[in-house]
1. Considering only the other residues whose Cβ falls under 9 Å of the Cβ of Asn240, what net charge follows from Lys and Arg at +1 and Asp and Glu at -1?
2. Taking N as the number of residues in the stretch 1-138, what is its alpha-carbon radius of gyration divided by 2.2 N^0.38 Å?
3. What spacing in nm lies between the two simple spin-label points modelled at Leu7 and Lys40, each 7 Å away from Cα in the Cβ direction?
4. In the structure shown, do any of Lys125/Lys207; Lys160/Lys207; Lys266/Lys290; Lys114/Lys160; Lys283/Lys326; Lys23/Lys266 have a Cα-Cα gap over 22 Å, and if so which?
5. Would you list, by chain and number, the aspartates and glutamates whose Cα falls below 16 Å from the Cα of Lys38, excluding same-chain residues fewer than 8 positions away?
6. If the reach is capped at under 12 angstrom between alpha carbons, list the aspartates and glutamates near Lys310, excluding any in the same chain fewer than eight residues apart.
7. Checking a compactness column here: for the stretch 103-247, what do you get for Rg(Cα) / (2.2 N^0.38 Å), N being the number of residues?
8. Could you work out [θ]222 nm for the chain from helices alone, using -39500 (n - 2.57) per DSSP H run of at least four and dividing by all its residues? Round to the nearest 500 deg cm²/dmol.
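The values are calculated or read from the model by the stated rules, or taken from the named source; none is laboratory data. None of the values given here were measured: they were computed from a predicted structure. Cβ coordinates were reconstructed from backbone atoms using ideal geometry, including for glycine residues, and neighbour counts include every protein chain displayed. SASA here: full protein model, heavy atoms, side chains in, ligands and nucleic acids out. Shrake-Rupley method; radii C 1.70, N 1.55, O 1.52, S 1.80 Å.
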Amino acid sequence: MAEKFNLTPFREEHEIFRQQCRKFVDKELAPQAMEWEKNKDFPDEVFRRVGEMGLHGILVPEEYGGSGGDYLMAAVWVEEATRIGSGGVMAGIGMHGLIVLPAVARFGNEEQKKRFLVPGVSGEKIGALGLTEPVAGSDLARIRTTAKRERDDYLLNGSKTFITNGSRADFVLVLCKTGPEAGYQGFSTLIVERGMPGFSQGRPLEKLGWHAGDTAELVFENVAVPAENRLGEEGRGFYNAMANLEWERLIMALGVVYGAQLAFDKTKTYIMQREAFGRPIGKFQVNRHKMVDMAMEIEAARQLCYFALKKLMNGEPCAVEVSLAKVFASRMGEFVATTCLQLHGGYGYMREYEIERFFRDVRINAIGGGTSEILKEMVGRLMGL
Ligand SMILES: Cc1cc2nc3c(=O)[nH]c(=O)nc-3n(C[C@H](O)[C@H](O)[C@H](O)COP(=O)(O)OP(=O)(O)OC[C@H]3O[C@@H](n4cnc5c(N)ncnc54)[C@H](O)[C@@H]3O)c2cc1C
């Protein structure tokens, strides 16, 4: 439907890339999604295969194995990856290739880029981002993980929770306090690697949705992290963590919109086939109106996302636009999920119909990467309220 409004930011080259992504996802990933969801896990091999397809490196410069693409190319991959049909798999891949690797590319030194980007782009090494702690998520300045400089190392102590790829990660970008008295200038980011003595990675946590995804706790007990593993300058960790947030939030919003569209399309087919009282259930006015309501909300969310994406692409300030897109898309996604489920009747409640999975997976969008309340707070303040 976006074509009708003709506001899509994508050009011909993006649409060609879209077809490549779609073919790969539909052929190699989507057919296994249901099994991965059931197993509550997916193989590391998926990261390597996505790497072989060049999809971890879209936002990584060519000299480190990437394609040096831009946010528009990356947005195409986000949309098409949604077709996997498993929020957990999509989150794992997206966290690694679209959030962690670009952060290393942006803030890392030459040595770090060689060590983490090259194997990261190929999918040999998997990355995670550790911000949230048991005591602090929205209010990140309250984190308690500390790193004390001792000669050539930082001695890291503390814990993280809800970390995507936490169990399987080969390296984690850990936000910690290096100057507890220095306010926002007292944070740094350390790259903590699997196997460092004192670093433990928990088993995946049981969740409402994202079943195939690995969301885990991390514990640091006197981990001696070499100073050469500090990402970016000491004292810049908080600002660096915030620097990528707009893109991270937009990834989530774009994913919800595309996921909602898939649920809508599936439901449209279903209600024109399923009959009750002598006609397809889609021919009842009440259901027709439900479909129109959903189409309207999906399109509105999509255009908010594309508007924010264009601003991000142009390097313009877009905190408000991205926040509005994420808050609106999250709410729209929940509305579409529950409406599609209702239109499927009892089958909507069944696992095999996939609407049930979208219904569970979509709920995270109002929480992860900044809750809807926090984003509204920020927008409200920027509005001078
Ligand atoms: C599946 C999953 C994957 C995740 N992956 C990662 C990851 O890879 N890395 C990572 O670092 N984190 C990750 N997170 C953590 C996520 O970013 C946090 O859960 C989120 O930021 C909210 O923090 P919190 O859970 O501590 O909630 P809290 O901050 O405790 O918030 C609880 C409630 O209070 C509300 N609230 C808080 N402050 C205000 C306020 N000022 N005004 C109004 N309401 C307020 C919130 O909106 C929320 O409704 C993940 C979480 C989940 C569930």
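1. +1
2. Working: Rg = 15.7 Å, N = 138, 2.2 N^0.38 = 14.3 Å.
For the stretch 1-138, the normalised Cα radius of gyration is 1.10.
3. 4.2
4. Beyond 22 Å: Lys125/Lys207; Lys114/Lys160; Lys283/Lys326.
5. Glu206, Asp214, Glu352, Glu354, Glu356, Asp361
6. Partners within reach: Asp70, Glu321.
7. Ratio of Cα Rg to 2.2 N^0.38 Å: 0.98.
8. -14000 deg cm²/dmol, from helical runs alone.
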